[in-house]
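Worksheet: one structure, shown below.
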Amino acid sequence: MAEWGLKKGGVTIMAVYNNASVYYTTNLAPGYLDIINLRTIPTSTDDILYTLPETYQHRPDLLAYHLYDNVELWWVFAARNPEIILDPVYDMEPGIQFYLPQLTLMRQALGI
């Protein structure tokens, strides 16, 4: 989650994103967030092939919450499966199969 900027003496202090955020490695330019720098999620032979149920249609945030107890990790499914999930929200259709990244590996890679 971002900590939003405050006005101090006419200067706006920009947001600071935490390690779980999709924007963590994206540059902050004066007054705006730069073009997104997509983060990668390492693959593992322990990753689980998952079939998305209707419950999580267009809701990667809910899936991230139920799997990882963190809604901010909604983007990891697309990052781990870029050849399957191009749009991290609207490609989350019931029946789609993709790999779930292991939490321990993500914690290590993302520093969370």
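Quick check on segment 48-110: take the gyration tensor over C-alpha atoms, sort the square-rooted eigenvalues as a ≥ b ≥ c, and tell me if it's rounded (a/c under 1.5), prolate or oblate. Prolate is the answer for segment 48-110, as a/c is 1.5 or above and a/b outweighs b/c.
For segment 70-85, the Karplus equation 6.51 cos²θ - 1.76 cosθ + 1.60, evaluated at θ = phi - 60°, returns couplings of 7, 5, 5, 8, 4, 7, 5, 5, 6, 5, 6, 10, x, 7, 10, 10 Hz by residue, with Gly and Pro reported as x. In this simple spin-label model, placing a label point 7 Å from the Cα along the Cα-to-Cβ direction at both Thr51 and Arg107 gives a separation of 3.1 nm. Ordering Gln108, Gly95, Val71 by Cα displacement along the dipole of segment 48-110 toward the positive end leaves Gln108 in first place; charges were set at the Cβ atoms of Lys, Arg (+1) and Asp, Glu (-1). In this Cβ point-charge picture (+1 for Lys and Arg, -1 for Asp and Glu), segment 48-110 has a dipole of about 220 debye about its Cα centre. Sparsely packed loop sites in segment 26-112 (the chymotrypsin sites (Phe, Trp or Tyr not before Pro) outside DSSP H, G, I, E and B with at most 15 other Cβ atoms within 10 Å) comprise Tyr90.
Values in this text are rule-based calculations from the coordinates and carry no lab data. Predicted, not measured: the structure shown is a model, and the values here were computed from it. Cβ atoms come from the backbone with ideal geometry, glycine included; neighbour counts cover every protein chain shown.
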